[in-house]
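Okay, here's the structure, questions in a sec.
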Amino acid sequence: MTIIDYFLFKSSMRKRIYEIIEKANNGDTDSKVYDYFIIITIVTSIIPLCFTKQNALLNTVDKITVAIFIIDYILRLITADYSSNRKGAAPFLLYPFRPMAIIDLLSILPSVTNLNYAFRVFRVLRLLKALRVFKFFRYSKNIRIITNVLVKKKDALLTVGMLALSYIFMTALIIFQVEPATFDNFFQAIYWATVSLTTVGYGDIYPTSVIGQVISMVSSFLGIAIVALPSGIIISGYQDEVEGSGDE
């Protein structure tokens, strides 16, 4: 094998690795198997985080899953030029700074460092380990669809969000003026308005006067309508996304 043949083989091999670990054709069985394998690994890696005391079995599970994550990280690093469609050294140098690459690295570091002897640092490192769950965004098609919906409908969702925040602020301001004895500060009024808007109704803070109770009833009714708006927007966008992906 000549040097040219070697590099051609190496390039085609890296391209095949990229197709397996990243988005590939719908009929690519190897890619689907890899995705399912990584999803199972992610779920398994979270199991040790559910226990305050670690034993030999949980430590072994952690080491094996982290080893798989390290291999996955290396494979993505060496195929960074394919995922970014750029040539040269830049894709490889910039890859560690990608959002998902940062999450990958943060989910690995706590298990390969020796910093968790300190209690505070241990708590932080365990929190970083929990970031493993965000790796699902890379492998789940349904989550990618929802992400696309949120991006495409962001203007409508932001409008509804601003409407909700405005309504909470105005309702809190009104109830704070109507019942100053019930609410010690404006934050409590904001808290009550948020609970009323979402119709949760914890019952720890509530108006006692007739006017305050009327405001509470109106707030709850309007809250149902405002809370329902994002659901309708997301469902409509999800339906359009699913139908669009089905046409491709």
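Between residue 220 and residue 102, take the C-beta separation as r, use R0 = 35 Å, and let me know the FRET efficiency to the nearest 0.05. Intermediate values should be presented prior to the final figure.
Working: r = 42 Å, r/R0 = 1.19.
Once rounded, the FRET efficiency stands at 0.25.
Follow-up. Could you calculate the contour length gain from residue 143 to residue 49, that is, 0.36 nm times the residue separation minus the distance between their Cα atoms, to one decimal place in nm? Mind dumping the intermediate values first?
On the way: separation 94, 0.36 × 94 = 33.84 nm, distance 2.29 nm.
The span from residue 143 to residue 49 would gain 31.5 nm if fully extended.
Further question on the same structure: Could you compute Rg(Cα) / (2.2 N^0.38 Å) for the range 156-248, with N its residue count? Intermediate values should be presented prior to the final figure.
Working: Rg = 16.9 Å, N = 93, 2.2 N^0.38 = 12.3 Å.
Normalised Cα radius of gyration, the range 156-248: 1.37.
D for the range 197-247, whole µm²/s, Stokes-Einstein with Kirkwood Rh over alpha-carbon pairs at 10 °C and 1.306 mPa s: what number? Write out the running numbers ahead of the final one.
Numbers: Rh = 13.3 Å.
Estimated diffusion coefficient is 119 µm²/s.
Quick check for you: with a 1.4 Å probe and neighbouring chains kept, what is the accessible area per residue of the range 174-246, in Å²? Don't skip to the end; give the middle numbers.
Details: 4400 Å² over 73 residues.
In whole numbers, the range 174-246 has 60 Å² accessible per residue.
Using a cut-off of 15 Å between alpha-carbon atoms, which aspartates and glutamates can reach residue 135, once sequence neighbours fewer than 8 places away in the same chain are excluded?
Straight-distance partners of residue 135: 22, 35, 72, 104.
Now a separate question. At 0.36 nm per residue, minus the direct Cα-Cα distance, what do residue 109 and residue 200 gain on full extension? Give it in nm, one decimal, please.
On the way: separation 91, 0.36 × 91 = 32.76 nm, distance 3.93 nm.
Difference between extended and current length: 28.8 nm.
If you bin every alpha carbon distance in the range 153-195 into 10 Å steps from zero, what whole percent lands in each bin?
Taking every Cα pair in the range 153-195, the percentages come to 32, 41, 20, 7, 0.
Evaluate the Debye formula for the range 21-62 with equal point scatterers sitting on the alpha carbons, no solvent, and hand back log10 of I(q)/I(0) at q = 0.15, 0.16, 0.21, 0.32 Å⁻¹, in q order, two decimals.
-0.49, -0.52, -0.67, -1.04
The values are calculated or read from the model by the stated rules, or taken from the named source; none is laboratory data. What you see is a predicted model, and the numbers here were worked out from it, not measured in a lab. Here the Cβ is made from the backbone with ideal geometry for all residues, glycine too, and neighbour counts use every protein chain on show. What goes into the accessible areas is simple: the full protein's heavy atoms, side chains included, and nothing from ligands, DNA or RNA. Shrake-Rupley method; radii C 1.70, N 1.55, O 1.52, S 1.80 Å.
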